[in-house]
Amino acid sequence: MITKKEIRQIKEELVECRNPLFFFHDDPDGLCSFLLLRRFKGEGDWRVIKTTPHITEEFSRFVSEEHDKVFILDIALVDQEFVDKIKKPVVWIDHHMPQKISKAKYFNPRIKNPDEYISVSAICYEVAGQDVWIAALGAIADYSMPSFFNDFAEKYPELVGKAKDIEKILYETKLGELIKIFAFSLKGKSNDIKKAVNIIRKIKEPEELLSPKNPDAKWVVKRYGGINEEYQELLSEAMKQKYGDILIFLYQEKKYSFTGDVINELTHRIPGKKIYITGREKSGYMRISMRSRKINLLPILNKALEQVEGFGGGHPQACGASIKKKDFERFLELIEEYSEKGL
């Protein structure tokens, strides 16, 4: 866990700046991390990082003279060239494999304990000390049971009932529905994403989205409903397939990308597989998500990537990768081979 001293340091960095810029990953953990800090601070610009969680030098164009500090949330990779070029203080809060970076204040619980898995939302909640429902939403969405879960469940019993298992919460409770609203709000056109995030940023209580009354909240929920229709069609298609011990579901992307969403639900709906892989083709690459409840995926993925053209990473039981289409069949063969060897 991040120490109390480090929490104080992050809070001081947030309090002392005037006009921060927040970069965050395009999933509920990234969004909730941003919401927690932005609502606490009360000001600051933001930009969601789509495609891959990697901030390169080209992202420096989003940092203006008016921004006096940059916060990076739930992003696995940050290039040194980005930090060097912007010449602004950088505060990077993450929970992926630790990276080496200079001229930035880097907070990652895995620096001290490589096996620790805690959501960035949980860290940001320790900083902000408010909006426990947003913090719980981000943590559960990232398959991390937060230490404050009982406090959250006591305050919002209608959101989780008696469920304490993460997957039951995700797919059988109102909190799970909120998680999907947050996740699907980050899909689609940039202008729609911007509008949705700015509306959610002002939501005070979860009931405002579960039973929307004002026009803005109704817009978010209506948009979610349309996206969810496409998702349910894709999930239905995936559920009809026959799979072996390694579940592989590849699909043609339509309007939205659901790779991570589908794979998470498949692990719940079709339990017991050794490895789950879903993906789609885009720009000559197969962009995939991988899950497992039985084995550590990271060493298997890393060893396979040594022999094909592609890149990826993530957590022991949840990874993502982009593989050149020409190498994808070989990649799948390597995953099967190394998983059988028990790396």
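Is there a residue in region 312-324 that is of a type in the set (Ser, Thr, Tyr), more than 20 Å from Gln252 (Cβ to Cβ), out of contact with any helix residue (DSSP H, G or I) (no Cβ under 6 Å at 6 or more places or on another chain) and not in a helix (DSSP H, G or I)?
The answer is no, given that none of the residues of region 312-324 is of a type in the set (Ser, Thr, Tyr), more than 20 Å from Gln252 (Cβ to Cβ), out of contact with any helix residue (DSSP H, G or I) (no Cβ under 6 Å at 6 or more places or on another chain) and not in a helix (DSSP H, G or I).
Condition check: surrounded by fewer than 20 Cβ atoms within 10 Å (Cβ to Cβ), in contact with a Phe, Trp or Tyr (Cβ under 8 Å, 6 or more places away or on another chain) and outside any loop (DSSP other than H, G, I, E, B). Does Tyr171 satisfy that? Give the derivation first.
Details: surrounded by fewer than 20 Cβ atoms within 10 Å (Cβ to Cβ): yes; in contact with a Phe, Trp or Tyr (Cβ under 8 Å, 6 or more places away or on another chain): no; outside any loop (DSSP other than H, G, I, E, B): yes.
Considered against the rule, which asks whether it is surrounded by fewer than 20 Cβ atoms within 10 Å (Cβ to Cβ), in contact with a Phe, Trp or Tyr (Cβ under 8 Å, 6 or more places away or on another chain) and outside any loop (DSSP other than H, G, I, E, B), Tyr171 comes out as no.
Can you spot a residue in region 47-54 that is in contact with a strand residue (DSSP E or B) (Cβ under 9 Å, 6 or more places away or on another chain) and part of a helix (DSSP H, G or I)?
The answer is no; no qualifying residue exists.
Of the residues that sit in region 13-59 and are of a type in the set (A, V, I, L, M) and in contact (Cβ under 8 Å) with a residue 40 or more places away in the chain, which one is surrounded by the fewest Cβ atoms within 10 Å (Cβ to Cβ)?
Going residue by residue through region 13-59, those that are of a type in the set (A, V, I, L, M) are 14-15, 21, 31, 35-37, 48-49, 55.
Then drop every residue that is not in contact (Cβ under 8 Å) with a residue 40 or more places away in the chain, which leaves 14, 21, 31, 35-37, 48.
Numbers: Leu14: 20, Leu21: 22, Leu31: 29, Leu35: 27, Leu36: 27, Leu37: 26, Val48: 18.
Once the filter is applied, the top-ranked residue is Val48.
Could you tell me whether Lys274 is in contact (Cβ under 8 Å) with a residue 24 or more places away in the chain, closer than 14 Å to Asp245 by Cβ and charged (D, E, K, R)?
Yes.
So, Ile10, is that one free of Cβ contacts under 8 Å to residues at least 24 places away in the same chain and either closer than 25 Å to Gly260 by Cβ or assigned by TED's automatic domain parsing to the domain that holds Val197 (or both) or not?
The answer is no for Ile10.
I'm checking my understanding of the structure. Among residues of region 112-159 that are acidic (Asp, Glu) and modelled with pLDDT of 95 or more, which one is farthest from Lys69 (Cα to Cα)?
Glu158
Sort out which residues of region 78-95 are within 21 Å of the chain's Cα centre (by Cα), buried (at least 18 other Cβ atoms within 10 Å of the Cβ) and over 15 Å from Pro20 (Cα atoms), and write them in order of number. Break it down into steps so the answer makes sense when it comes.
Residues of region 78-95 within 21 Å of the chain's Cα centre (by Cα): 78-79, 90-95.
From the residues that got through so far, the ones that are buried (at least 18 other Cβ atoms within 10 Å of the Cβ) too are 78, 90-95.
Val78, Asp94, His95 - these are the residues of region 78-95 that are within 21 Å of the chain's Cα centre (by Cα), buried (at least 18 other Cβ atoms within 10 Å of the Cβ) and over 15 Å from Pro20 (Cα atoms).
The values are calculated or read from the model by the stated rules, or taken from the named source; none is laboratory data. Please read these numbers as outputs of a predicted model, since none were measured by experiment. For neighbour counting, all protein chains shown are included, and Cβ atoms are generated from backbone atoms with ideal geometry for every residue, glycine included.
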